[in-house]
Amino acid sequence: MPEAELVVIANRLPVDRIAGDDGEPAWRRSPGGLVTALEQVMQKVDGAWVGWAGKADLDVEPFDFDGTRLVPVSLSEEELEDYYEGFSNGTIWPLYHDVIATPVYKRSWWDAYVRVNRRFAEAASEVVAPGGFVWVQDYQLQLVPQMLRELRPDIVIGYFHHIPFPAYGLYAQLPWRRQVLEGLLGADVIGFQRVSDAGNFQRSIRRVLRHQTKSDTISVPQPDGTTRTAIAKAYPISIDAQSFIELAQDPAIRARAVEIREQLGNPSKVLLGVDRLDYTKGIRHRLKAFGELLEDGRVEVGDVTLVQVASPSRPGVEAYQDLRDEIELTVGRINGDYDTIHHTAIRYLHQGFPREEMVALYLAADVMLVTALRDGMNLVAKEYVAVHADNRGVLMLSEFAGAADELSSALLVNPHDIDGMKDAVMRAIEMSPAEQSRRMRSMRRRVLENDVERWGRRFLADLEHIRSQRTAAAS
Ligand code: F6P
């Protein structure tokens, strides 16, 4: 197999398997944020991507797609239950999101996680060129860095953590806390979304492994008595801002935005929420605040409409099934109480939409509600900002989303404080064009400056730096 200079490993491949025009299976680029983020990076290098093909027991040989070599890792039905739905999304996801849902600690899930992480590490070790780079993505694969280091000591390893890293008091619950930290520390560069995530990680390293840390560096003792330096710091991820700006200029998409408002009955204000249907996103809190504003008579149906897109996610995990029931009950109650024949209070869409429709929705919305209880970054916030080249629109943003570090000119809210959220919604609805413009201008500057290209470049430059240091030390 040809060797790749840069190998990305992620839980999913950047493609979905669909039925082609001739009825035969075909591949289509998937719409996710991570894919968009890395697409640009991969197109510039001789790259390969190792990941799961999205269906159980699918055995597919490596293939080329859009100039990148894709290396599928096969997972059985049972492995998906234990490694993906179980340990990744029933243990790590809730624990790392501040136990918003209760994490389940199950030894059989952990065993599957170790087994599957090893399979990913082995697949990558077979395709990476001598002295090349492997960039591991996210919480499903925390053990891969150390496994790879053992298999291929010649390569440079990066790991990027897309979700929060919790405070030590919570992390300490994990029965495998030592193994996970050792797994991550196999990387030369460990990237986080926020400075506070990197700080939490370093504290756990000090408490559990007793390694010394200084600024962005960790001293990792080696079996031969020497020490190696690993870097742990923040690289806030972003979006391909330019592509969103271009979509927002497309006359068809602009016309669609006008049509959306018309189809909603031309309310004077459109509020928008766009999330995966996940308990971390604070959708219930948002609905509660909006329902109370209607009840208090501070907003009227017909005048203000909330559009809530909740794209289906992880339907095999019980907490997600329960959340869906709760949200749909709440939406049904609010609409039942306040809808008129002509107008709805909440237009709820349990569907995923193509990027063009999302941009039309962003353009149509006067206020974007991002009220996550905890979120690694939240790219929706950045997408909303990028498309509003006219500097109109208000972003209401949870301080518990990573994006709040960069977008401090948003209306920042604590989503647990329902009265505070209600006041913030009213402030957003009533905000003067001048204030909207001042806030939006400053946020757009940040999003356009720190786009995904820069994110990728910063991370890869640090990997490159480590390789040069290593080469210099060896000569
Ligand atoms: O935010 C973390 C993340 O894993 C993303 O990388 C991904 O796009 C999203 O959650 C959806 O996750 P899943 O692969 O479980 O559907």
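The values are calculated or read from the model by the stated rules, or taken from the named source; none is laboratory data. No experiment lies behind these values; they were computed from the predicted model shown. Virtual Cβ from ideal backbone geometry, glycine too; neighbours counted across all protein chains shown.
If you go through region 74-104 and keep only what is within 19 Å of ARG17 (Cβ to Cβ) and either within 14 Å of the ligand (Cβ to nearest atom) or modelled with pLDDT under 95 (or both), you end up with LEU75, LEU80, TYR84.
For region 441-475, the candidate set comprises residues that are under 18 Å from GLY402 (Cβ atoms) and of a type in the set (Val, Ile, Thr); within that set, the residue that is modelled with the highest pLDDT is VAL447. Being surrounded by fewer than 23 Cβ atoms within 10 Å (Cβ to Cβ), closer than 30 Å to HIS388 by Cα and either modelled with pLDDT under 95 or aliphatic (A, V, I, L, M) (or both) is not true of SER196. Taken over region 334-364, the residue count meeting the criterion of being in a helix (DSSP H, G or I) and either over 30 Å from ILE245 (Cβ atoms) or among the hydrophobic types (A, V, I, L, M, F, W, C) (or both) is 11. Does region 42-73 hold any residues that are free of Cβ contacts under 8 Å to residues at least 40 places away in the same chain and surrounded by fewer than 20 Cβ atoms within 10 Å (Cβ to Cβ), and which are they? Correct list: GLN43, LYS44, LYS55, ALA56, ASP57, ASP59, VAL60, GLU61, PHE63, ASP64, ASP66, GLY67.
Taking residues in region 106-119 that are touching a residue at least 12 places away in the same chain (Cβ under 8 Å) and of a type in the set (Lys, Arg), and partners anywhere that are surrounded by 14 or more Cβ atoms within 10 Å (Cβ to Cβ) and outside any helix (DSSP H, G or I), the pairs with Cβ atoms closer than 7 Å and at least 6 places apart or on different chains are ARG119/VAL73.
Against the condition outside any helix (DSSP H, G or I), modelled with pLDDT of 95 or more, more than 30 Å from HIS342 (Cα to Cα) and more than 16 Å from the ligand (Cβ to nearest atom), how does VAL220 come out, does it pass? Against the criterion (outside any helix (DSSP H, G or I), modelled with pLDDT of 95 or more, more than 30 Å from HIS342 (Cα to Cα) and more than 16 Å from the ligand (Cβ to nearest atom)), VAL220 qualifies.
ASP22 meets each of the listed conditions (1) of a type outside the set (Ser, Thr, Tyr); (2) more than 16 Å from the ligand (Cβ to nearest atom); (3) over 26 Å from ASP451 (Cβ atoms); (4) touching a Phe, Trp or Tyr at 6+ places or on another chain (Cβ under 8 Å) apart from (4). Checking the stated criteria, ALA101 turns out to be part of a loop (DSSP other than H, G, I, E, B) and crowded, with 17+ Cβ neighbours inside 10 Å.
Among the residues in region 47-55, are any more than 16 Å from the ligand (Cβ to nearest atom) and of a type outside the set (Gly, Ala, Ser)? For region 47-55, residues more than 16 Å from the ligand (Cβ to nearest atom) and of a type outside the set (Gly, Ala, Ser): absent.
Among the listed residues LEU323, LEU379, LEU395, which satisfies the condition of being within 24 Å of TYR235 (Cβ to Cβ), in contact with a helix residue (DSSP H, G or I) (Cβ under 8 Å, 6 or more places away or on another chain) and within 16 Å of the ligand (Cβ to nearest atom)? On inspection, the qualifying residue turns out to be LEU379. Has region 109-127 got any residue that is under 30 Å from PHE400 (Cα atoms) and touching a Gly at 6+ places or on another chain (Cβ under 6 Å)? Within region 109-127, one or more residues are under 30 Å from PHE400 (Cα atoms) and touching a Gly at 6+ places or on another chain (Cβ under 6 Å). Just one of the listed residues (VAL367, VAL413, VAL394, VAL385) is touching a Leu at 6+ places or on another chain (Cβ under 8 Å), closer than 20 Å to GLU262 by Cα, β-branched (Val, Ile, Thr) and in contact (Cβ under 8 Å) with a residue 24 or more places away in the chain, namely VAL367. THR330 meets each of the listed conditions (1) touching a strand residue (DSSP E or B) at 6+ places or on another chain (Cβ under 8 Å); (2) under 20 Å from GLU300 (Cβ atoms); (3) touching a residue at least 40 places away in the same chain (Cβ under 8 Å); (4) not aromatic (Phe, Trp, Tyr) apart from (1). Pairing each residue of region 121-146 that is of a type in the set (Asp, Glu) with any residue that is assigned to a helix (DSSP H, G or I), provided the two are 6+ apart or on different chains, yields C-beta distances under 7 Å for GLU122/LEU151. Please work out if LEU148 is at pLDDT 95 or above, under 30 Å from SER398 (Cα atoms), of a type outside the set (Val, Ile, Thr) and in a helix (DSSP H, G or I). No.
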